[in-house]
Amino acid sequence: MGYDGSPDAEAALQWAAETASLEGDTVRAVIVDREDGSQEVDQDLAADEAMLAQVDAVLAAAAVTGAAELHPGAVTAVLMREAVDAIMLVVGSQGHGWAAETVRGSVSQHLARHAPCPVVVVRAAERPEATRIVVGVDGSEESHAALEFACRRASLTNESVVALYAWKPGRINLDGRGQLPRQLAKRSLAAEAALAEYVEDLRAEHPTVALEMDTIAVRPALALTDMSANASLVVTGSRGRSGFSSLLLGSVSHHVLHSARCPVAVVR
């Protein structure tokens, strides 16, 4: 995980530690020194030591193994390199120093596009008591991996999983009686049937997970953002098709990473 000592990095560290505790994994907190030529060496060393001590304290409290590591270099390059052997890369949504770029700038977008493992961007959940994970699905292999990721996590956290298929209805004209056209109803029923078939194997693989389905005729970005208000985590695939075809490379991912009201995981 990337760590810079900011409040949001603290939240990311806590999230990573709690997840590692559930799964029996190790946490490596990467502190990046950008070597920007600062002359305030003593202050930098003191800050580094404080961050190292804080990481040790959080990991000890969570009873997980791991440590903080100092790495010189460019932030994105360091995190990409260190993610090669990781099962997950976790960063805070905002911070100070380099971490402030995580969502507002190019760092998170680059990591989401290119990191070799799932990327989780942590922000405070609007409803900390929420116990459901929302997954954007579209029938692709990548969204299947996202759903598998969510079910695996839910089996450890005892949360429910909502498989959300959002589709663009296009322009809708009411019929002569002022009702929605039959074609829209047919599309909705077809979406429900396809989603039920899509999640059938995962139901069998994760029988203890409460797996719910939801289809909605709303733009995917808006649907995921709205549902994030009552979620503990939103999960998306790294690429997709149909409504989610631009999940990482276009406006949907940009909107979700900026606007979701809980942590976001991008899975490949």
Considering amide H positions built from the backbone, and no H for Pro or chain starts, which residues 5 or more places from THR215, or on another chain, come under 5 Å of its amide H?
-> TYR165
Take peptides 81-87, 24-30, 118-124 and line them up by average Cβ neighbours within 10 Å, highest first, as a rough protection proxy.
-> 118-124, 24-30, 81-87
Sum of side-chain charges, ASN230 neighbourhood, beta-carbon under 13 Å (Lys, Arg +1; Asp, Glu -1) = -3
Given 154-161, 63-70, 134-141, the highest-first ranking by average Cβ count within 10 Å works out to 134-141, 154-161, 63-70
Return the FRET efficiency for the residue pair LEU156, THR65: r is the Cβ-Cβ distance, R0 is 22 Å, and the value is rounded to the nearest 0.05.
-> 0.80
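FYI, it's all coordinate maths here, none of it is from the lab. This structure is a prediction, so every number in the text was calculated from the model and none was measured. Cβ sites come from the backbone with ideal geometry, for glycine too, and all protein chains shown count toward neighbours.
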